[in-house]
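Structure first, commentary second.
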Amino acid sequence: MHPSSQRLRQARIAAGFATAKDAAASLRVNQNTWTSNENGNRPVSKKMAPVYAEKLGIDPGWLLYGEEQRERQPIDVPLVSWVSAGKLQQSEGVTPAQIETFVPVSNLPRGDWIALTVAGDSMNRIAPEGSIIIVNRADDALLNDRFYVFAAAGGEATFKQWRSDPRPMLRPYSTNLDHLAIPAAADEYYVVGRVRRIITDV
């Protein structure tokens with residue numbers, strides 16, 4: 001297998017995608033191209049390297065040649081309230097009035113990022129109360145067992161794990177067994193974005 005194929009697989013796993021199919025669907029890259037690049041049928045080309053690099057938050061030089069990765073400069077991600085998140089529509093940006101503060105975050109790929117502060121213990125196995133979750137509003141492709149912020153038709157936002165079978169459910173990920181999964185009809189919820197990073201104090 002070509003080294004670039006191995007590095008692409010490594011970057012895909014580090015980004016939290018179980019398969020090349022999942023990554024291609026979520027990041028909107030041609031699935032056949034990704035699969036052939038990753039399995040070694042075709043090495044990653046100079047044309048595709050910047051595409052993968054931008055989507056995965058890596059350096060194209062590392063992907064192609066194994067060069068040392070440079071740390072990306074932090075970007076200021078707007079921290080908004082859950083009320084504001086629930087009212088956001090997919091085509092709308094965050095307004096200054098909705099921003100409580102900014103959170104500097106390094107090494108994020110291109111996206112439409114917001115930050116939220118976790119309240120409650122329904123997701124405390126990965127995000128204890130008070131954690132900050134970094135959400136990519138540009139990533140709304142639902143993948144089983146991944147974590148998303150959803151908004152109900154009434155404007156309430158919730159942070160849950162997605163599961164599509166045997167029926168669509170928004171599941172808690174908690175040590176508190178009082179939290180129950182929520183049935184998710186297609187017309188009741190829309191995806192605010194995928195949670196891609198969690199910042200928490202220890």
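The values are calculated or read from the model by the stated rules, or taken from the named source; none is laboratory data. None of the values given here were measured: they were computed from a predicted structure. Note that we place each Cβ from the backbone using ideal geometry, even for glycine, and neighbour counts take in every protein chain shown.
Right, Gly130: in a loop (DSSP other than H, G, I, E, B), in contact (Cβ under 8 Å) with a residue 60 or more places away in the chain and exposed (fewer than 15 other Cβ atoms within 10 Å of the Cβ) or not?
yes
Take the residues in region 1-24 that are of a type in the set (Ser, Thr, Tyr) and in contact with a Pro (Cβ under 9 Å, 6 or more places away or on another chain); name whichever of them is surrounded by the most Cβ atoms within 10 Å (Cβ to Cβ). Even if it seems obvious, please write down each step before you answer.
Within region 1-24, the subset of a type in the set (Ser, Thr, Tyr) is 4-5, 19.
Going one step further and asking which of them are in contact with a Pro (Cβ under 9 Å, 6 or more places away or on another chain), we end up with 4-5.
Numbers: Ser4: 23, Ser5: 19.
Checking each candidate, the answer is Ser4.
Sort out which residues of region 10-58 are of a type in the set (S, T, N, Q) and over 19 Å from the mean Cα position of the chain (by Cα), and write them in order of number.
Matches in region 10-58: Asn32, Thr33, Thr35, Ser36, Asn37, Asn39, Asn41, Ser45.
What number goes with the only condition from (1) hydroxyl-bearing (Ser, Thr, Tyr); (2) out of contact with any Ser or Thr (no Cβ under 6 Å at 6 or more places or on another chain); (3) crowded, with 20+ Cβ neighbours inside 10 Å that Thr117 does not pass?
Of everything listed in (1) hydroxyl-bearing (Ser, Thr, Tyr); (2) out of contact with any Ser or Thr (no Cβ under 6 Å at 6 or more places or on another chain); (3) crowded, with 20+ Cβ neighbours inside 10 Å, Thr117 misses just condition (3).
So for region 82-96 (the condition being assigned by TED's automatic domain parsing to the domain that holds Thr117, part of a loop (DSSP other than H, G, I, E, B), within 20 Å of Leu116 (Cβ to Cβ) and among the β-branched types (Val, Ile, Thr)), does at least one residue qualify? Before the answer, list the steps.
Step one: list which residues in region 82-96 are assigned by TED's automatic domain parsing to the domain that holds Thr117, which gives 82-96.
Filter once more, keeping what is part of a loop (DSSP other than H, G, I, E, B): 88-95.
Add one more test, that the residue is within 20 Å of Leu116 (Cβ to Cβ), and what stays is 88-95.
This time we only want the ones that are among the β-branched types (Val, Ile, Thr), so: 94-95.
Checked region 82-96: at least one residue is assigned by TED's automatic domain parsing to the domain that holds Thr117, part of a loop (DSSP other than H, G, I, E, B), within 20 Å of Leu116 (Cβ to Cβ) and among the β-branched types (Val, Ile, Thr).
Restricting attention to region 86-97, does a residue exist that is charged (D, E, K, R) and touching a Gly at 6+ places or on another chain (Cβ under 9 Å)?
Here is the first cut: in region 86-97, the ones charged (D, E, K, R) are 87, 92.
Now drop any that are not touching a Gly at 6+ places or on another chain (Cβ under 9 Å), which leaves 87.
Checked region 86-97: at least one residue is charged (D, E, K, R) and touching a Gly at 6+ places or on another chain (Cβ under 9 Å).
Which residue, of Leu108, Leu64, Leu79, is in contact (Cβ under 8 Å) with a residue 40 or more places away in the chain and assigned to a strand (DSSP E or B)?
Leu79
I need the full set of residues from region 33-78 which are among the aromatic types (Phe, Trp, Tyr) and closer than 23 Å to Thr19 by Cβ, in order please.
Step one: of region 33-78, the residues among the aromatic types (Phe, Trp, Tyr) are 34, 52, 62, 65.
Within region 33-78, Trp34, Tyr52, Trp62 meet the criteria.
For the list (1) in contact with a helix residue (DSSP H, G or I) (Cβ under 7 Å, 6 or more places away or on another chain); (2) assigned by TED's automatic domain parsing to the domain that holds Phe147, I need the number of the one condition that Asn30 fails.
(2)
Read through the list (1) surrounded by 15 or more Cβ atoms within 10 Å (Cβ to Cβ); (2) among the charged types (D, E, K, R); (3) in a loop (DSSP other than H, G, I, E, B), then give the number of the only condition that Asp201 fails.
It is condition (1) that Asp201 fails.
I'd like the full set of residues that are in contact with a Gly (Cβ under 6 Å, 6 or more places away or on another chain), free of Cβ contacts under 8 Å to residues at least 40 places away in the same chain and in a loop (DSSP other than H, G, I, E, B), limited to region 1-54.
Across region 1-54, the qualifying residue is only Met1.
Quick one: Asp59 ticks every box in (1) surrounded by 17 or more Cβ atoms within 10 Å (Cβ to Cβ); (2) farther than 26 Å from Val195 by Cβ; (3) among the charged types (D, E, K, R) except a single one, so which number is it?
(2)
Output the residues belonging to region 89-114 that are crowded, with 18+ Cβ neighbours inside 10 Å and under 30 Å from Thr175 (Cα atoms).
Answer for region 89-114, where residues must be crowded, with 18+ Cβ neighbours inside 10 Å and under 30 Å from Thr175 (Cα atoms): Val103, Val105, Trp113, Ile114.
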